[in-house]
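The values are calculated or read from the model by the stated rules, or taken from the named source; none is laboratory data. On a predicted model such as this, the values are computed, not experimentally measured, just so you know. Please note: Cβ atoms are built from the backbone with ideal geometry, for glycine as well, and neighbour counts cover all protein chains shown. Heads up: the accessible areas ignore ligands, DNA and RNA and are worked out on the full protein's heavy atoms, side chains in. Shrake-Rupley method; radii C 1.70, N 1.55, O 1.52, S 1.80 Å.
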Amino acid sequence: MDHLPLRTPVPAHHPEPVLDVVVPVFNEETDLEQSVRRLHAHLRETFPYPFRITVADNASTDATPRIAAELAAELPETEWLRLADKGRGRALHAAWSASRAPVLAYLDVDLSTDLTALLPLVAPLISGHSDIAIGTRLAQGARVVRGPKREVISRCYNALLRSTLAVGFSDAQCGFKAVRHDVAERLLPLVQDSEWFFDTELLVIAERAGLRIHEVPVDWVDDPDSRVDILSTALADLRGIARIGRALARGTLPTEGLRRGTADGTRDGLAGQLLRFAVVGALSTVGYVMLYAILRPPAGPQAANALALLVCAVANTAANRRLTFGLRGRGGALRHQAKGLLVFLIGLALTSGSLAALHHLAPRAAGSTELAVLVAANLAATLVRFLLFRSWVFPARRRRGTGAGAE
């Protein structure tokens with residue numbers, strides 16, 4: 001699968017709705033009509049592009065379907081989607097997959113998040129700056145009104161995500177998010193959860209793939225009538241975290257096709273790769289020389305050469321993986337390092353062989369001569385390493401097919 005194309009702004013005069021705001025609902029007959037009318041009025045007054053509101057009803061058993069159908073018939077920018085099974089994630093997956101709008105968003109029906117944050121949420125996606133945008137109640141500038149119980153639960157959950165999955169985003173659970181259509185098209189099939197963990201899984205995969213996530217501090221007021229089962233949701237979240245954690249540990253987190261191309265299209269170009277590889281190689285050579293000079297007196301020439309080359313090989317593989325071949329995230333990193341170490345053995349054979357040959361031909365060679373021979377041999381090994389990196393360790397077909405190196 002090819003990379004995602006370069007982000008571009010949505011055209012100023014877009015004929016179709018630019019934004020599709022999904023409102024997932026289950027048995028919300030009390031709040032649905034008031035909330036949708038308020039959202040519709042807000043978008044008509046403040047949003048400068050065509051928009052659509054999609055009410056995604058997932059298996060409601062009260063009057064919610066009737067109310068949603070009446071709203072869709074009355075309000076021209078409003079549609080109704082009926083699903084036979086429950087699950088917020090399932091509702092979002094279905095609604096976003098069916099939409100053709102370039103920017104897709106969702107918000108909770110209780111409108112706990114102040115709607116003034118909606119335009120700042122989607123603006124970076126419309127402009128082409130970011131791939132995903134999330135509202136956050138935990139960043140500086142957010143104003144939150146909620147009870148201590150929910151405050152503690154929210155902060156503990158996000159702290160758990162940071163400590164176990166090493167995420168960079170601050171608030172996974174806020175029901176106020178948006179994503180570009182081209183990203184959603186490739187990201188949604190990779191998300192397994194169909195309920196409340198859907199948001200977290202989507203964000204973790206996106207972040208590991210190197211997609212840009214924009215955060216917007218929001219004003220948020222807790223809904224005291226929320227019917228979310230905290231215990232069952234927490235247990236499901238813990239199972240989801242464990243599943244994602246296992247995938248990360250094994251390097252199998254799916255990030256296929258989620259890498260972005262570059263503006264000049266040279267991410268996989270030979271000239272650009274050679275330049276980046278040369279810079280990394282020059283820094284590696286300097287590091288190698290310094291390490292060898294430090295290790296040579298206590299360890300001897302062969303051991304010093306092997307240790308210095310090993311340390312620099314690991315650092316070199318990691319740097320080239322990220323900078324030269326454009327792979328981010330941890331997926332496949334262990335496999336790449338293992339292949340890199342095999343390439344290191346070839347370099348070790350070249351440099352150690354050159355060192356042995358020098359000592360055979362000139363047993364009393366000066367230290368400067370010894371170092372010069374090693375530098376020359378290391379440069380030859382660097383050329384071999386580049387060819388093997390490009391053709392075997394980070395082949396172009398794998399970079400295009402797996403993005404961030406997923407296996």
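So if I take the alpha carbon set of the range 1-101, get Rg, then get Rh from the Kirkwood formula, what is the Rg over Rh ratio?
Using only Cα positions, Rg/Rh for the range 1-101 is 1.02.
What percentages make up the Cα-Cα pair-distance distribution of the range 78-189 when the bins are 5 Å wide from 0?
Once binned at 5 Å, the Cα pair distances of the range 78-189 give 2, 10, 18, 21, 22, 16, 9, 2, 0.
May I have the pair-distance distribution P(r) for the range 281-333, computed from all Cα-Cα distances with 10 Å bins from 0 and rounded to whole percent?
Once binned at 10 Å, the Cα pair distances of the range 281-333 give 26, 42, 23, 10.
For helix 148-165, report the angle its Cα long axis makes with the longest principal axis of the Cα atoms of the chain; keep it between 0 and 90° and round to the nearest 10°.
Roughly 30 degrees, rounded to the nearest 10.
Cut-off 10 angstrom, C-alpha nodes, Gaussian network model of the chain. Which of Leu19, Leu310, Leu258 fluctuates the most?
Leu310
Which angle from 0 to 90°, rounded to the nearest 10, does the C-alpha axis of helix 198-208 make with the longest principal axis of the chain?
Roughly 30 degrees between the two axes.
Could you work out [θ]222 nm for the chain from helices alone, using -39500 (n - 2.57) per DSSP H run of at least four and dividing by all its residues? Round to the nearest 500 deg cm²/dmol. Walk me through the numbers on the way to the answer.
On the way: 13 runs with 210 residues, N = 407.
Counting only the DSSP helices, I get -17000 deg cm²/dmol.
Based on the alpha-carbon set only, what is the convex hull volume of the range 45-107 divided per residue, in Å³?
With only Cα atoms used, the range 45-107 gives 99 Å³ per residue.
Mean-square fluctuation check for the chain, GNM, Cα pairs under 10 Å: which of Val183, Val393, Val286 is largest?
Result for the chain, Cα springs under 10 Å: Val286 fluctuates most.
Cα axis of helix 270-299 to longest principal axis of the chain: angle in degrees, 0 to 90, nearest 10?
Between the helix axis and the principal axis of the chain, the angle is about 50 degrees.
Average projected area of the Cα convex hull of the range 143-211, in nm²?
Mean orientational projected area (the range 143-211, Cα hull): 5.4 nm².
Would you work out what percent of the accessible area of the chain, with all protein chains in place, is carbon or sulfur (probe 1.4 Å)? Present the calculation step by step, with values, prior to reporting the outcome.
On the way: 11350 of 18710 Å².
Ligands and nucleic acids excluded, carbon and sulfur reach 61 percent.
Note down the accessible area of Ile230, probe 1.4 Å, to the nearest 10 Å².
Counting only protein heavy atoms, the figure is 60 Å².
Once the other residues with Cβ under 11 Å from the Cβ of Leu104 are scored (Lys, Arg +1; Asp, Glu -1), what is the net sum?
Result for the neighbourhood of Leu104: +1.
Considering Cα pairs under 8 angstrom that are at least six residues apart, work out the relative contact order of the chain and quote it in whole percent.
After rounding, I find 17 percent.
Send over a whole-number figure in Å² for the accessible area per residue of the chain, probe 1.4 Å.
About 46 Å² of surface per residue is accessible.
Cα to Cα, under 29 Å, and not fewer than 8 places away if on the same chain: which lysines meet these conditions relative to Lys86?
Cross-link targets: Lys149, Lys177.
What is the antiparallel percent of DSSP beta bridges lying wholly in the chain, to the nearest 5? Walk me through the intermediate numbers first.
Working: 9 of 35 bridges.
DSSP beta bridges in the chain are roughly 25 percent antiparallel.
Per the Cauchy relation, a quarter of the hull surface: what is the mean projected area of the convex hull of the alpha carbons in the range 115-166, in nm²?
Average of the hull's projected areas for the range 115-166 equals 4.8 nm².
Provide Rg over Rh for the chain; use the alpha carbon set for both Rg and the Kirkwood Rh (inverse mean inverse pair distance). Don't skip to the answer; put the middle values down first.
Details: Rg = 26.9 Å, Rh = 24.1 Å.
My calculation of the ratio gives 1.12.
Sum up the charges of everything whose Cβ sits under 11 Å from the Cβ of Val55, counting Lys and Arg as +1 and Asp and Glu as -1, but leave Val55 out.
With Lys, Arg at +1 and Asp, Glu at -1, the neighbours total -3.
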